[in-house]
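The values are calculated or read from the model by the stated rules, or taken from the named source; none is laboratory data. What you are looking at is a predicted structure, and each value in this text was computed from that prediction instead of being measured. Cβ placement follows ideal geometry from the backbone for every residue including glycine, while neighbour counts extend to all protein chains displayed. Each accessible area value is taken on the protein alone, full model and side chains, heavy atoms only, with ligands, DNA and RNA left out. Shrake-Rupley method; radii C 1.70, N 1.55, O 1.52, S 1.80 Å.
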Amino acid sequence: MSMNTFGHLFRVTTWGESHGPALGATVDGCPPGVPVDEAMLQHWLDKRKPGQNKYTTQRREPDAVRILSGVFEGQTTGTPVQLMIENTDQRSKDYGEIAEKFRPGHADITYWQKYGIRDYRGGGRSSARETAARVAAGGLARAALAALAPGIEILGYMVQMGPHGIDRARMDLDEVARNAFWCPDAESAESWADYLDGLRKSGDSVGAVIEVVARGVPAGLGAPIYGKLDTDLAAAAMSINAVKAVEIGEGMAAAALRGSENADEITMGPDGPVYSSNHAGGILGGISTGQDIVLRFAVKPTSSILTPRRTITKSGEETEIITKGRHDPCVGIRAVPVGEAMMACVLLDHLLLHRGQTGGNRGQIG
């Protein structure tokens with residue numbers, strides 16, 4: 001049974017391993033006539049690629065994407081789009097010592113228990129390297145959204161590193177592209193740099209919380225019960241390597257609110273409904289309201305660390321392990337463009353589903 005595909009109409013299948021010759025994505029269901037080329041996709045991959053600063057893995061990969069099919073004369077043809085990214089800087093020897101050991105916090109032990117075989121070179125399929133393929137597919141989804149719904153804008157940023165959160169009173173989205181952490185708070189970014197530098201030098205790691213916001217999303221995307229927009233967004237975010245929690249809108253904090261506080265009041269504006277707040281994160285009953293879609297997810301600390309940890313071998317012997325290699329001290333940094341890509345893929349998929357079912361919005365107000 002294949003579990004490497006997500007989406008309903010816009011379907012993405014990723015393939016490849018961390019230390020294989022290449023990885024990539026096969027995208028089926030992209031509408032024809034979407035203007036796209038490799039440079040357009042490369043723009044998004046460059047945001048995610050490793051080795052850009054001392055706070056990410058020093059593996060040097062250009063992440064150069066190639067379009068092998070589905071595009072002719074600069075436009076999608078409606079046939080499957082094959083995207084390929086070659087691996088050029090593998091150091092598989094770094095993982096020889098762990099061939100018989102299971103790294104705590106990694107999928108090594110569960111892959112072995114399920115399949116009886118595992119690619120121990122960088123984690124194989126469970127490696128965060130797989131997310132490069134998602135970002136390539138997300139670039140294609142963004143191109144299609146730009147053609148079909150040009151008002152949609154997607155932006156991700158980090159709102160927490162370890163126990164240190166941003167001050168939302170200082171939020172400035174223009175700051176996101178100005179620091180190494182995709183942080184909208186310049187003061188927090190400065191303090192995070194010292195904090196992460198200390199962790200990196202000590203051989204440890206830390207987690208993060210990422211927020212992804214989609215603006216200009218039309219009302220009506222998503223369907224009741226099992227086709228909810230937030231259901232698919234949550235599944236897409238949770239499928240990202242190292243993600244352990246997902247929130248929509250107020251999320252877990254909604255449990256502490258009263259009904260009078262949590263329900264977003266509605267008034268009539270000159271262009272349609274106006275909401276007093278957005279505790280719902282732009283989704284009610286699984287259907288977009290026209291407000292900003294707000295998604296947050298928590299990324300656990302990188303499990304590949306130089307701090308010795310207790311573990312066992314395949315034969316059941318207790319031992320100790322230090323994971324050598326080039327690893328992110330905070331994998332959440334490079335998760336930002338991955339979160340944006342998954343948001344783009346899900347929104348395009350639901351836009352196509354909505355048009356297919358209704359032909360466009362049916363219930364007009366005012």
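Work out how far the C-alpha atoms of the range 233-305 reach from end to end along every principal axis, then list the three figures in whole Å, largest first.
Cα spread of the range 233-305 along its principal axes, largest to smallest: 55, 26, 18 Å.
Report, in whole Å, the centroid distance computed from the Cα atoms of the range 177-212 and the range 124-148.
The two parts, judged by their Cα centres, are 24 Å apart.
In the Gaussian network model of the chain, springs joining C-alpha atoms below 10 Å, which of P301, P32, P329 carries the largest mean-square fluctuation?
P32
Note down the magnitude of the dipole of the chain about its Cα centre, charges +1 on Lys and Arg C-beta and -1 on Asp and Glu C-beta and zero elsewhere, to the nearest 20 debye. Can you show the working numbers first?
Numbers: 38 positive and 43 negative charges, 219 e Å.
Dipole magnitude for the chain comes out near 1060 debye.
Hey, what do the phi angles of the range 277-288 turn into as Karplus ³J(HN,Hα) couplings, whole Hz, using 6.51/-1.76/1.60 and θ = phi - 60°, x for Gly and Pro?
Result, ordered by residue: 7, 9, 4, 6, x, x, 9, 10, x, x, 10, 5 Hz.
At a threshold of 8 angstrom on Cα-Cα distance, excluding pairs fewer than six apart, so keeping six or more, what relative contact order does the range 158-234 reach in percent?
Relative contact order for the range 158-234 comes out at 29 percent.
Based solely on its DSSP helices, what 222 nm [θ] is calculated for the chain when runs of n ≥ 4 H residues each add -39,500 (n - 2.57) and the sum is averaged over all residues, nearest 500 deg cm²/dmol?
On the way: 7 runs with 95 residues, N = 366.
Theoretical 222 nm ellipticity from helices: -8500 deg cm²/dmol.
Sequence-distant or interchain residues sharing an amide H contact under 5 Å with H19, placed H: which?
G124
Once you charge only the Cβ atoms, +1 for Lys and Arg and -1 for Asp and Glu, what is the size of the charge dipole of the range 246-337 about its Cα centre, to the nearest 20 debye?
Working: 9 positive and 11 negative charges, 142 e Å.
Magnitude of the dipole: close to 680 debye.
Apply the Karplus parameterisation 6.51 cos²θ - 1.76 cosθ + 1.60, with θ equal to phi minus 60°, to every residue of the range 112-128 and state each ³J(HN,Hα) to the nearest whole Hz, in sequence, with x for glycine and proline.
5, 5, 7, 9, x, 7, 8, 8, 7, 6, x, x, x, 6, 7, 5, 5
Using +1 on the beta carbon of Lys and Arg, -1 on that of Asp and Glu, and nothing else charged, what's the dipole of the range 128-254 about the Cα centre, debye to 20? If you can, show how the numbers build up before the last one.
On the way: 11 positive and 17 negative charges, 103 e Å.
In debye, rounded to 20, the range 128-254 gives about 500.
Hey, can you find the accessible area per residue of the chain for me, probe 1.4 Å, expressed in square angstrom? Spell out each step's value before the answer.
Values: 17280 Å² over 366 residues.
Result: 47 Å² of accessible area for each residue.
Beyond 18 Å between alpha-carbons counts as too far, so tell me which of K101/K324; K101/K244; K114/K244; K244/K324; K201/K324 fall in that bin. List each step's numbers first, then the result.
Working: K101/K324 13 Å; K101/K244 24 Å; K114/K244 21 Å; K244/K324 24 Å; K201/K324 14 Å.
Going by Cα-Cα distance, K101/K244; K114/K244; K244/K324 fall outside the 18 Å limit.
Please list, ordered by chain and number, the residues whose modelled amide H lies under 5 Å from the amide H of I312; skip anything fewer than 5 residues away on the same chain.
Residues meeting the criterion, in which the H sits 1.01 Å from N, are F102, T319.
Just need the relative contact order of the chain here, percent rounded to a whole number, with Cα pairs under 8 Å and 6+ apart. Mind dumping the intermediate values first?
Working: 779 pairs, mean separation 79.4, N = 366.
In percent, rounded to a whole number, it is 22.
Output the peptides 246-255, 120-129 sorted from most to least packed, where packing is the average of other Cβ atoms within 10 Å over each peptide's residues. Each step should come with its number before you reach the end.
Working: 246-255: 16.2, 120-129: 22.1.
Going from most to least packed, we get 120-129, 246-255.
Could you please state how large a percent of the accessible area of the chain is carbon and sulfur, counting protein chains only and using a 1.4 Å probe?
Looking at the chain in its full context, I get 53 percent from C and S.
Over the range 240-366, calculate the relative contact order: mean separation of alpha carbon pairs under 8 Å at least 6 apart, over the residue count, as a percent. Let's see the in-between values first.
Numbers: 128 pairs, mean separation 27.5, N = 127.
Over the range 240-366, the number comes to 22 percent.
Amide H neighbours of T76 under 5 Å, counting only residues 5+ apart in sequence or on other chains, H built in-plane at 1.01 Å?
Hits under the 5 Å cutoff: G33, V34, V36.
Scan the range 264-359 for trypsin sites (Lys or Arg not before Pro) in coil per DSSP, keeping those whose Cβ has at most 15 other Cβ atoms within 10 Å, and list them by number. Present the calculation step by step, with values, prior to reporting the outcome.
Values: sites: R296, R309, R310, K314, K324, R326, R334, R355; in loops: K314, K324, R326.
Hits after loop and neighbour filter: K314, K324.
Please report, for the Cα atoms of the range 90-248, the Rg to one decimal and the Dmax as a whole number; what are they, in angstrom?
Gyration radius and largest Cα-Cα distance of the range 90-248: 19.0, 53 Å.
Can you tell which of T14, T289, T307 shows the greatest fluctuation in a Gaussian network model of the chain with Cα springs below 10 Å?
Highest fluctuation of the listed residues: T307.
Residue-wise, which Karplus ³J(HN,Hα) couplings in Hz belong to the range 244-260, taking 6.51 cos²θ - 1.76 cosθ + 1.60, θ = phi - 60°, and x for glycine or proline?
For the range 244-260, the Karplus-derived couplings read 10, 7, 9, 10, 10, x, 5, x, 4, 5, 4, 5, 8, 8, 8, x, 5 Hz, x marking Gly and Pro.
Name the residue farthest towards the positive end of the dipole of the chain from the options G269, A235, A193, assuming +1 on Cβ of Lys and Arg, -1 on Cβ of Asp and Glu, about the Cα centre.
Towards the positive end, the residue furthest out is A235.
Report, ordered by chain and residue number, the aspartates and glutamates lying within cross-link reach of K228, taken as a straight Cα distance under 15 Å and ignoring same-chain residues fewer than 8 apart.
Those aspartates and glutamates meeting the cut-off are E247, D349.
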